[in-house]
Amino acid sequence: MPVKSDRWIIEMARDYELIKPFSESQVRAGISFGVSSYGYDISLSNHFKILRPKGLEEIDPKKDNSEYFESVTAESVLIPPNAFLLAQSREYFKIPRDVITICFGKSTYARSGVIVNVTPFEPEWEGYATISISNTAPLPVRIYANEGIAQILFLEAKEDCLVSYGDKRGKYQGQKTITYSKSD
């Protein structure tokens with residue numbers, strides 16, 4: 001599976017709305033986002049879900065824990081030590097049938113103790129990405145809306161998959177808001 005270059009990403013964004021909104025070059029205001037040599041640096045929207053665990057004994061991904069999250073709209077938020085929040089990408093993605101992505105957190109945040117987790121965008125998945133952001137530092141860490149958070153690499157297969165995420169009607173298909181874990 002070859003990694004796709006900046007030229008491919010620009011062409012796909014123009015012709016197939018791979019990423020919207022799309023920045024054809026690196027935007028270097030704050031923490032950078034936009035096209036990079038072999039990927040795309042995604043940015044955060046200003047929508048966050050902050051875990052408020054008072055009264056919560058465990059997080060069970062098979063149960064609805066939404067009542068323990070506070071919705072926040074802000075230009076920046078503090079993540080307490082040893083805590084996490086959910087965020088939403090500013091970009092909406094439409095992944096082609098012969099492509100899968102992997103994601104890595106930006107080094108600026110990694111050097112501050114922040115771990116970013118975005119699961120792969122499977123073939124024919126589309127939506128805004130729900131991003132889990134963890135603070136492993138012993139102090140609060142601030143993250144910023146409308147700035148870069150992670151880099152997506154696009155991997156192209158030599159042939160189409162037999163069953164895509166779209167074919168399966170995956171449970172996170174077309175998500176427009178921050179989506180909590182769902183059991184099947």
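The values are calculated or read from the model by the stated rules, or taken from the named source; none is laboratory data. Computed from a predicted structure; not experimentally measured. Here Cβ is always computed from backbone atoms with ideal geometry, including for glycine, and neighbour counts include all displayed protein chains.
Taking every residue in the range 5-19 that is part of a helix (DSSP H, G or I) and pairing it with any residue that is not small (Gly, Ala, Ser), at least 6 positions away or on another chain, the pairs with Cβ-Cβ distances below 6 Å are Asp6/Val35; Ile9/Val35; Ile9/Tyr40; Ile10/Glu24; Met12/Leu18; Ala13/Ile19; Ala13/Phe22. Within the range 159-179, the residues that satisfy the criterion of being free of Cβ contacts under 8 Å to residues at least 12 places away in the same chain and either of a type outside the set (A, V, I, L, M, F, W, C) or touching a Ser or Thr at 6+ places or on another chain (Cβ under 9 Å) (or both) are Lys168, Arg169.
The selection criterion, being farther than 14 Å from Ile178 by Cα, surrounded by 12 or more Cβ atoms within 10 Å (Cβ to Cβ) and out of contact with any strand residue (DSSP E or B) (no Cβ under 8 Å at 6 or more places or on another chain), does not hold for Pro61.
Remark: pairs (first residue in the range 129-142, closer than 25 Å to Pro61 by Cβ; second residue among the hydroxyl-bearing types (Ser, Thr, Tyr) and at pLDDT 95 or above; Cβ separation under 6 Å; 6+ apart in sequence or on different chains) = Ala129/Ser89; Val141/Ser112. For the range 26-77, the strands (runs of 3 or more DSSP E) that sit wholly inside it and include 2 or more residues that are touching a residue at least 40 places away in the same chain (Cβ under 8 Å) and hydrophobic (A, V, I, L, M, F, W, C) are 39-51. When Glu122 is tested against the conditions (1) closer than 23 Å to Phe33 by Cα; (2) part of a loop (DSSP other than H, G, I, E, B); (3) over 14 Å from the mean Cα position of the chain (by Cα), the lone failure is (3).
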